[in-house]
Amino acid sequence: MSTAIHRVVVVGGGIAGVSTVGSLRAEGYEGELTLVDAGELPYDRPPLSKEYLSGTKDFKQIALQPAEWYGDNAIRLRNLTTVAALRPGEGGVELADGTVLPADRVVLATGGRAARPPIPGGDSGRVHVLRTSEDADRLRERLLPGAAVLVVGAGLIGAEVASTALDLGCAVTLVDPVPVPLAAAIGPDIASWLHGLHRARGVDTVCGAVESFADTATGITVKLGDGSSPREFDVAVLGVGMAPETGLASAAGLEVDRGIVVDPGQVTSNPAVLAVGDPTRVKRDGILAPRAEHWEAAQHDGQRAAATILGRAAAGRTAPWFWTDRHHRHIEAVGRMAAADRVVLRGELGSAAFSAFGILDGLVVGAVAVDDSHAVRAARRMIDRGLTVDPRKLADPATDLRKLLRG
Ligand SMILES: Cc1cc2nc3c(=O)[nH]c(=O)nc-3n(C[C@H](O)[C@H](O)[C@H](O)COP(=O)(O)OP(=O)(O)OC[C@H]3O[C@@H](n4cnc5c(N)ncnc54)[C@H](O)[C@@H]3O)c2cc1C
């Protein structure tokens, strides 16, 4: 992109937006820089289902940057402000109060909303979702010791909420229509062990789909699709995914296809508008990738967008990585386990540290580790370098993975 860029406006202060403004300054951008966000102070979302929900971290501890960082870096933070429309033709964005902020480049970092599937009764105030700190505050008030809590969805966020609610002394029921949730993302062995961990810790796991909710005088009843009698809970939480925030992009006529379509440098179908983070889908050689929806991917998007704005080559994509924490175990996954034709287990399921590697045609294409970050770091290098590794050596916990990296 041209170097005659003097005004950049970033819409959305999640990790993707904050990474964009931070990277622009770190890489030497000296022009005007504005970050518009609907909230008070940009904060991190992963703790919302973990330390923030349990109360072991307060809001200040989950802020992405301290308030003074924005001024120190000449970033104008327009907090508690919503962008109502993009005006790329006129070179700027329009705020909800009608003010127009001129911009040479706009970066959409608008994230997403918690999905609320159209389940009858699902709009009850006793049916919570979790995407914002306000959602977490509301939910925490209800997670009292002894409370009967229904968590719908045993993927990443639902499982974390179930674990945190259990730690807070709640009686937790976790319902999901899939017998082994996350099997595609992390492979069947570890997925099955992880789901079993809920039961082992006292969560009532139910395989089924919620048909309807109905408020009672003191709680909420839930009817499952299997015809069983309705069950009563004090509170229900939906952890069933997110809906990308694509409204501004659609209204501005940008290409949107269940996500804002961007090129590998994060540029949308309008060259003056870039997009980063959860709502984006990368199109390469005409093929659309799925939305990443993980923290590190959003952070890397911001770095790439900054490079593009500065006219530099954006860094290539590394194997996707995410982490999740539940029942005091730390899980990391890298690459694409779903693509593997063979899974090699390293260490014993349930031991202090173990992992699984996904292999396709001899190449490592994915890995998942429980309390073993080292294995995932090594796997990432194997994937990024396209290494062929002897599965017997991989499976042996005595093998030093660094040696395998040397080939
Ligand atoms: C509870 C929870 C736990 C998670 N745990 C993990 C985890 O353990 N590991 C992991 O890898 N990932 C995790 N994630 C996912 C990770 O947090 C997201 O991938 C990441 O937050 C995406 O960042 P983002 O900047 O794209 O979007 P967001 O964080 O959603 O930020 C978007 C921002 O844009 C603002 N905005 C939107 N529209 C406008 C507008 N018109 N005007 C002004 N502002 C606007 C919003 O208010 C918001 O602040 C978790 C997510 C949640 C919700």
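The values are calculated or read from the model by the stated rules, or taken from the named source; none is laboratory data. From a predicted model like this one, the values you see are computed outputs, not experimental measurements. Cβ coordinates were reconstructed from backbone atoms using ideal geometry, including for glycine residues, and neighbour counts include every protein chain displayed. The protein model used for the area step is the full one, side chains on, heavy atoms only, and it has no ligands, DNA or RNA in it. Shrake-Rupley method; radii C 1.70, N 1.55, O 1.52, S 1.80 Å.
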Excluding ligands, DNA and RNA, the carbon-plus-sulfur percentage of the accessible area of the range 116-238 with a 1.4 Å probe reads 56 percent
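What do you get for trypsin sites (Lys or Arg not before Pro) in the range 150-229 restricted to DSSP loop and a cutoff of at most 14 other Cβ within 10 Å of the site's Cβ?
Numbers: sites: Arg199, Arg201, Lys223; in loops: Arg201.
In loop regions of the range 150-229 (DSSP not H, G, I, E or B), there are no sparsely surrounded trypsin sites (Lys or Arg not before Pro).
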At what distance in angstrom do the alpha carbon centres of the range 284-337 and the range 370-391 lie from each other? 17 Å
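Relative contact order for the range 328-404 using alpha-carbon pairs under 8 Å, separation at least 6, rounded to a whole percent?
30 percent
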Let me know the shape class of the chain, please: from the alpha-carbon gyration tensor, a ≥ b ≥ c as square roots of the eigenvalues, rounded when a/c is under 1.5, otherwise prolate if a/b is greater than b/c, or oblate. oblate
Say R0 is 22 Å: what FRET efficiency, to the nearest 0.05, do Ala115 and Ala209 get from their beta-carbon distance? 0.90
In nm, what is the difference between 0.36 nm times the number of residues separating Ala74 and Phe59 and their Cα-Cα distance? 3.1 nm
Pop out the carbon and sulfur fraction of the accessible area of the range 328-404 as a percent, whole number, probe 1.4 Å. 49 percent
Cut-off 12 Å between beta-carbons: net charge of the residues surrounding Gly362, Lys and Arg +1, Asp and Glu -1: -2
Derived scalar couplings ³J(HN,Hα) [the range 28-38; Karplus, 6.51 cos²θ - 1.76 cosθ + 1.60; whole Hz; x for Gly, Pro]: x, 5, 10, x, 5, 9, 10, 10, 9, 9, 5
Just subtract the alpha-carbon distance of Ala352 and Val178 from 0.36 nm times their residue separation and send over the number in nm, one decimal. 59.9 nm
Taking a probe of 1.4 Å, how large is the accessible area per residue of the chain, in Å²? 44 Å²
Under 5 Å from the placed amide H of Asp278, counting only residues 5+ away or on other chains, we find Gly111
For the chain, what does the helix formula give at 222 nm: sum of -39500 (n - 2.57) over DSSP H segments with n ≥ 4, over the residue count, nearest 500 deg cm²/dmol? -7000 deg cm²/dmol
Among 242-250, 388-396, how do they line up by average Cβ neighbours within 10 Å per residue, starting with the highest? 242-250, 388-396
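Quick check on packing: order 289-295, 28-34 by the mean number of other C-beta atoms within 10 Å, highest mean leading. Walk me through the intermediate numbers first.
Working: 289-295: 17.7, 28-34: 15.6.
For the peptides 289-295, 28-34, the packing ranking is 289-295, 28-34.
Normalising by the residue count of the range 116-238, find the relative contact order in percent from Cα pairs under 8 Å and 6+ residues apart.
32 percent.
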Could you calculate the FRET efficiency of Asp285 with Thr218 from 1/(1 + (r/R0)^6), where r is the beta carbon distance between them and R0 is 60 Å, rounded to 0.05? 0.60
Around Tyr52, what is the net charge, scoring Lys/Arg as +1 and Asp/Glu as -1 over all other residues with Cβ under 14 Å from its Cβ? -3
The range 257-391: relative contact order as a whole-number percent, Cα under 8 Å and 6+ apart: 15 percent
GNM flexibility winner over the chain from Gly253, Gly208, Gly187 (Cα, springs under 10 Å): Gly253
Cα centroid separation, the range 18-40 to the range 161-226 (Å): 40 Å
If r is the Cβ-Cβ distance from Glu94 to Arg336 and R0 is 35 Å, what FRET efficiency results, to the nearest 0.05? 0.30
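Charges at C-beta only: +1 for Lys and Arg, -1 for Asp and Glu. How large is the resulting dipole of the chain about its Cα centre, in Debye rounded to 20?
Its charge dipole is roughly 960 debye.
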